[in-house]
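Sharing a structure with you now.
The values are calculated or read from the model by the stated rules, or taken from the named source; none is laboratory data. The model shown is predicted, which means the values in this text are computed figures rather than measured ones. Here the Cβ is made from the backbone with ideal geometry for all residues, glycine too, and neighbour counts use every protein chain on show. These accessible areas exclude ligands, DNA and RNA; they are computed on the full protein's heavy atoms, side chains included. Shrake-Rupley method; radii C 1.70, N 1.55, O 1.52, S 1.80 Å.
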Amino acid sequence: MAGRDFLVFLALTVVSSSLVLQKAHGNSEGDALYALRRSLSDPDNVLQSWDPNLVNPCTWFHVTCNQDNHVTRVDLGNSNLSGHLVPELGKLEHLQYLELYKNNIQGEIPAELGNLKSLISLDLYNNNISGRIPPSLGHLKSLVFLRLNDNQLNGPIPRALASISSLKVVDVSNNNLCGTIPSTGPFEHIPLNNFENNPRLEGPELQGLAIYDTNCY
């Protein structure tokens, strides 16, 4: 009898531990997203369901999770949001799609987005984002779509992006970037009109002949 009670106790302990772990990772991802909510102005209440008291954010509108309750998508394009991005977004390690296009987001792109190793699509186009493109985005080895066009970005295009072999679409047009357009790796196949309307951007660069950050100072 005692042995059976011990097995029941052991089973309950395993289940309890599993729930604690699930809640822990769910809350960390929820905390990261709630930090984003706090940094944004939301006049249309599209983030009204983002309740930090829930076990995880998987029931929130505009958030998609996988079968393990990890956040894989954030879809907030064209949502009339303003404010800025937050470094806590870098904690969403299973995130594949970050869609924040066609809003009025300002400030800089957090370098911590380079921690999103599962990211496939980063769509921040048609906002008012300024500052430089973080070289840390070169760590996103699963990235396929990088659309940063129609913002206020400046500085050079980080050469670290040329090491992302999965990258198929890059659009940085209509910014204030400088230097030269990369010509290696995935950039060999990116149309030049995806770089247009950057008055200080030149290129494509000639390997060994041009300093890539020319006109940046």
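I need the shape label for the range 97-217. Rule: rounded when a/c is under 1.5, else prolate if a/b > b/c, else oblate, with a, b, c from the alpha carbon gyration tensor.
Judged from the Cα gyration tensor, the range 97-217 comes out oblate (a/c at least 1.5, b/c at or above a/b).
Kirkwood hydrodynamic radius, computed over distinct alpha-carbon pairs, for the range 83-157: how many Å, to one decimal?
12.2 Å is the Kirkwood radius here.
If you don't mind, another one. Could you check how much of the accessible area of the range 103-155 is carbon and sulfur, as a whole percent, using a 1.4 Å probe?
Answer for the range 103-155 is 43 percent, counting heavy atoms of protein chains only.
So what is the relative contact order of the range 89-196, in percent, for Cα pairs below 8 Å that sit 6 or more residues apart?
Contact order relative to length: 21 percent.
In addition: When the chain is fully extended, how far beyond the present Cα-Cα distance does Val169 get from Asn104, taking 0.36 nm per residue of separation?
Gain on extension, Val169 to Asn104, equals 21.1 nm.
Count the net charge of all other residues whose Cβ sits under 13 Å from the Cβ of Val144, scoring Lys and Arg as +1 and Asp and Glu as -1.
Result for the local shell: +1.
Averaged per residue, what accessible area in Å² does the range 69-152 show with a 1.4 Å probe, protein chains only?
38
Please work out the Cα center distance from the range 136-202 to the range 37-58, rounded to the nearest Å.
31
Provide, for the range 75-217, the number of lysine pairs with alpha carbons under 23 Å apart, each pair being eight or more places apart or on different chains.
6
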